[in-house]
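Read the figures in this text as sums done on the coordinates, not as results from a lab. Here the structure is a predicted model, which is why all the values come from computation and not from measurement. With ideal geometry, Cβ positions are generated from the backbone for all residues, glycine too; neighbour counts draw on all protein chains shown.
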Amino acid sequence: MSTASLFRNATEPVWCDGCGDFHVLDGLCTAITGLGRDPREVVLISGIGCSSRLPGYTNAHGFNSIHGRALPIATGLKLARPELDVIVTAGDGDIFSIGAAHLMHSVRRNPPITLFVMDNGVYGLTKGQQSPTTPAGTQMRTAAQPVQESSVNPLSLMLSLGCGFIAQAYSADQARLVELMQQAIEYPGFSFLNILSPCPVFRGGMGIYKELRRSTTDLQQDGHDPQDPRAAATLLADPAGIPVGVLYRR
Amino acid sequence: MSSPGSPPELSIGIVGSGGDGVVLLGELLAQSAVAAGLYCYMDKVFGPQIRGGESSAILRISREEVLRSADELDVLLVLQWADLARFSDVLSIAGNALIICSSEDETSPADAGLPAGHHGPVLSLPLKQLALEHGRSKQARNMVLLGALSGLLDWYPEQLSAVLERRMQRYDERSRENNLAAVAAGRDALAGWQEGPLPVLPTADAAPELVLASGNELLARAALASGCRFMAGYPITPASEILEYMNRRLPALGGTCIQAEDEIAAACLTLGAGLGGVRSMSATSGPGMTLKSETIALAGMAGLPLVVVDVQRCGPSTGIPTRTEQADLNLALHGAHGDSPRIVLAAAHQADCAELATQAFELAGRCHAPVILLSEQQLAQGLATLPAGGIPDNTEPSPGWPERSIGSAVQVQLTGLEHDDKGRPLSDAASHEANALLRQARVDKALGSVPALQHGALEAELGLLCWGGSYSVSREALALAAARGVTAGMLCIRMLSPLDGDAVQAWLDRQQSLVIVEMNHSGQLHDYLRSRLDLPEITMSLRRSGGRPWRLAELEEFLVSHGLIPQALEARS
Ligand SMILES: Cc1ncc(C[n+]2csc(CCOP(=O)(O)OP(=O)(O)O)c2C)c(N)n1
Ligand code: SF4
Ligand SMILES: [Mg+2]
C-alpha cells in the first residue's frame, strides 16, 4: 500500500510469521494516511507486550512505555498537547489485566484519545499464559489444566463503563479495520476499538484465522443501530457470533 | 516596643479532639504573634487517626527565628484532658506551666498524664457552658479558651483583634457575633485572676513584616512559580494539601490538576504531561512512592523530566500516617529495579521546601531525569515564619520543558527498553553498559547545584551531620555545644543524589568527631555515607524512629553521655 508507506518506517517487526499484529500495523498506516494526518502530529503510546512494539515501526512519535500504563501516560500527554492525535496501541494483558484500573478511569475522564487493543486472548510476549480474554476451558501451553476463570468481554465491559465509542474489528479484515480505526480516531471523546488480532503461535495455530472469519458477523450489515445503548446490551446478551463493527456510539 | 523584661520565647501547647478547633486556635495565636513582629513555629501533631482523632498544636513564639517547637511547654490549653494522654510522648510540660482547662471534664489531669511535679496554676472554667451560653454552640469552646488566655496574658491585643476580624469574615453575621461573644466570655471568666505569677509574652524590638506558612503550601507555591502547570496526585496524608492547593490554583493559570485513580496513574499522567513539554509534578507519601517506582525508573530510562515529591510519614506500610519520620531515604535513592539513577533532594526546613521545589524543576528540565524531593510531615504541615517577601508568588507564563518534548518536526521515539539514540531497542551488553554510564551522566549534571547548609566552625572538635528535618534541632545542638565551649560545626546535605562526595569529604576531613543525626531506625544516611566516603574514626550515629519531633534534650543527652560536650554547669553543681 503506497499511501501507507509514508507512515510506516523501515524497521522489520520482531513479530512471528502469521502474527495478527502485522495487519494492525498495516491497517493503522492506511487509516492514518487516509485521514491525511502528518505522522509528526500523531503519537502512539503503548505498554509492554508483542503488540506494544508497534509504535517503533512507524514514522509517528512513539513511546513504548511500561506494562499496563499506556493510558495515563497518553492522557497526560493529550492534556498537555491537545493538538496532537494520541493513540494507545496495547495488548489485552496490558489493558484488561495489569492496567485495568486505568481503563475505567480513562472512560470517566473521557480525554479525546483513541485506544486500540490488540486482543489475541493470550500473553504473547511472555510465551503463552492466559490473559483476561482467554475463554474459560482453553488449554494453555504453559498450564497444567484448562483456564478456570471466566473471561472478560471487552465490549460488555466498555458498555457498562459508559464509553462513548465502542467497536470491534478483526485484524485480517483490512478494509473494515481501516474504516473502524478512522471512525475511532475521528471520534471527539475517548474511543475504544478492540481488534481481534490472532497469536497463532500461542493461541489456536493458523487455524484461528479461519475460525474467526467464520464466526464474525458484521453489526452494520446486520442492521444494528449503534446509537441505541439498549440494542447494544441486547445484542451482547445474545450474540449471533463474534460482533465486528460499531457497537455503540454516543 | 520591647519591654526590658521581655523573655526570649514562650511555648504553648493545645490539645483536643478533631473538630474542636485546636488548629484554628493555634493559628489565631500564631498569626497575631507574627503580626506583632515575633517569629513563630507551630507543629501540628495528630493522633493516629487521620480524621476525628486527637489533635494538638504546639507553638513557639520567639524574638528570634525558630525552626522547630520547643522542648517544654510554658502554657497548656486543654479542651479535653483525655486527649492529652495521646500526646504524652510529644508534649513535655514545664513544672511551672500555666494550664487552662475545662471544669466540666470527667478525666482528671493526673489520669491524663499531667506530671505529679507540676506546680503552676491550673485554671479551670466551664468551657462548654460558656460556649453554649455565649457562642451558641459547643464548638465555640476554642474561642472561650482564646479569650481566657488572651485576657490573662494580654496577648498582642491589637494584632489579635485584627486577626480575629479577618478570620471572622469567612463566617456569616450570626456566627461572627457568637464567636466574638465566646471570646469575650472567656476573657471575662478569668478577668482579675491574680493568684500567682503568669508567663510573660515576648515582645519584638522591631516589627519586621513576617508571614506564616507550611512546607506543603510553600512547596506548591514554589512549584507554580517555577512554571509547574500540571499536577496529578492521589490523596494521602501528609501530602494531600499540595494536591488541594494546586487544584485551587492551576485552572486559573491555564494548567491542569487531576486526582488520579492511584499513584501509578498519577506518576504516569505526570510523565505524560512532561513528555508534552509541560512542567509537571506529582506528590505523595511513602506508600504512594512505592507504587511510583516503576514510573520513576521509566523516566530515567527514557530520559524524561519527572518531579515527584515524597512527604514522609512513619512507615513501613500504613505505619503512623499522621506522624513525622525520615525513613524514605533508601527508597528515594534506590527504590527501583536496575541501576536507576535519579536526583534526590531533601528539604531542611519550611522555606527550603520552596527553594528545593524551584531547584527540582530546573534540574529535571536540565538533566532530563527523575527528581525526587523529600519532605516530612513535620515540615509539610507545620507552620514557620518567613519574611513577607519570602513566599514565591510569580505566575509568569511557564517556560515548559521543551527540549525533549514530543510533537515537533523531529520524530521522537522513546522506550523503556534498552535502546540506541533513536529509541530503537537494543539488547547487547556493551550498549547496556554504555547507556548505564549515560544515565548516570545525566543525573551527574546536577552535581553541586544544591549545596549543603553549613554552619559553625569549619575546623571542629565536633561535627554534626544531618539531612532533612533534623536540621533545626541540629542547629540548636550546635549552639548548645558552642555555649559549652566546644568548637562545633554542622553540615546538612540537601542533595543526596548525586552526592557531592568531594565537598562532603573535605568537610568531614576537618571534623575530629562526627555525629550523624537522622530520624529513622536503621541509620540510612549513616550507611549511605559510610559506603561512599571516609568517615572520621570517631563517628557516631544518632538516630531513632519518627513518631514525634526531635527534642533538643535528646541530642544533648547523647552528646553529653558520649563525652562530646560537657554537662551543663548547673547540672554539675
Ligand atoms: C510490571 C510487569 N509485569 C510483568 C511484565 C511481563 N510481561 C511483559 S508483556 C506481558 C503480557 C503481555 O500480554 P499482552 O499485554 O496481552 O500483550 P501481547 O504480548 O499478547 O501482545 C507480561 C506479563 C512486565 N513487563 N512488567
Ligand atoms: S508470540 Fe504471538 S503475539 Fe507475539 S509476535 Fe508471535 S504471534 Fe504475535
Ligand atoms: Mg495479548
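Some points to look at:
- Counting Lys and Arg as +1 and Asp and Glu as -1 over every other residue whose Cβ lies under 13 Å from the Cβ of A:P111, the net charge comes to +3.
- Rg/Rh (Cα only; Kirkwood hydrodynamic radius) as it applies to the range B:214-261: 0.93
- Amide H partners (placed H, <5 Å) of B:C466, local residues excluded: B:L491, B:C492, B:I493, B:V517
- Dipole size of the range A:114-212 about its Cα centre, with +1 on Lys/Arg Cβ and -1 on Asp/Glu Cβ: approximately 320 debye, rounded to the nearest 20.
- Inter-chain neighbour count for B:272-284: the average number of beta-carbon atoms from partner chains within 10 Å of each residue's beta-carbon is 5.
- Rg to Rh quotient for the range B:213-444, alpha carbon positions, Kirkwood Rh: 0.97
- A dipole drawn for chain B from +1 and -1 charges on Cβ atoms has a positive end, and of B:T487, B:V309, B:S56 the residue lying farthest that way is B:V309.
- Residue-count net charge about B:A131 - beta-carbon cut-off 9 Å; Lys, Arg +1, Asp, Glu -1: +3
- Diffusion coefficient of the protein assembly as shown by Stokes-Einstein, Kirkwood radius over Cα pairs, 25 °C, 0.890 mPa s: 83 µm²/s.
- Nearest-20 debye value, the range B:453-572 charge dipole, Cβ charges on Lys, Arg, Asp, Glu: 340 debye
- For GluC sites (Glu not before Pro), the sites in the range B:422-469 that DSSP calls loop and that have at most 13 other Cβ atoms within 10 Å are B:E459.
- For A:56-64, mean number of other protein chain Cβ atoms within 10 Å: 6
- Förster-model FRET efficiency, 22 Å R0, B:D534 and B:R510, C-beta, rounded to 0.05: 0.95
- Within chain A, all pairs of alpha-carbon atoms sorted by distance into 5 Å bins from zero give the percentages 1, 7, 14, 19, 21, 18, 12, 5, 1, 0.
- Projected-area average for chain B over all orientations - Cα convex hull basis, square nanometres: 28.0 nm²
- Near B:A347: Cβ cut-off under 10 Å, other residues only, Lys/Arg at +1 and Asp/Glu at -1. The net charge is -2.
- Dipole magnitude of chain B about its Cα centre (Cβ charges: Lys, Arg +1; Asp, Glu -1), debye to nearest 20: 940 debye
- For the range B:9-208: relative contact order, % (alpha-carbon pairs under 8 angstrom, 6 or more apart): 23 percent
- Positive-pole candidate from A:A175, B:G300, B:Q505, dipole of the protein assembly as shown, charges at beta carbon: A:A175
- Qualifying trypsin sites (Lys or Arg not before Pro) in the range A:71-166, where qualification requires a DSSP coil assignment and no more than 15 other C-beta atoms within 10 Å, comprise A:K127, A:R141.
- Evaluated on the range B:378-487, the Kirkwood hydrodynamic radius is 20.0 Å, with distances taken between all distinct Cα atoms.
- Rg ratio (alpha-carbon, reference 2.2 N^0.38 Å) - the range B:185-317: 1.51
- Dmax and Rg, reported as Rg then Dmax, of the range B:176-247 (C-alpha, Å): 21.0, 59
- Shape analysis of the range B:287-340 yields a ratio of the Cα radius of gyration to the Kirkwood radius, Rg/Rh, of 1.00.
- Straight Cα distances below 22 angstrom link B:K138 to the lysines B:K128, with same-chain residues fewer than 8 positions distant left out.
- Distance from the alpha carbon centroid of the range B:265-291 to that of the range A:93-172 works out to 26 angstrom.
- Placing unit charges on the Cβ atoms of the charged side chains and taking the dipole of the protein assembly as shown about its Cα centre, the candidate lying farthest along the positive direction among B:L552, A:L28, A:G76 is A:L28.
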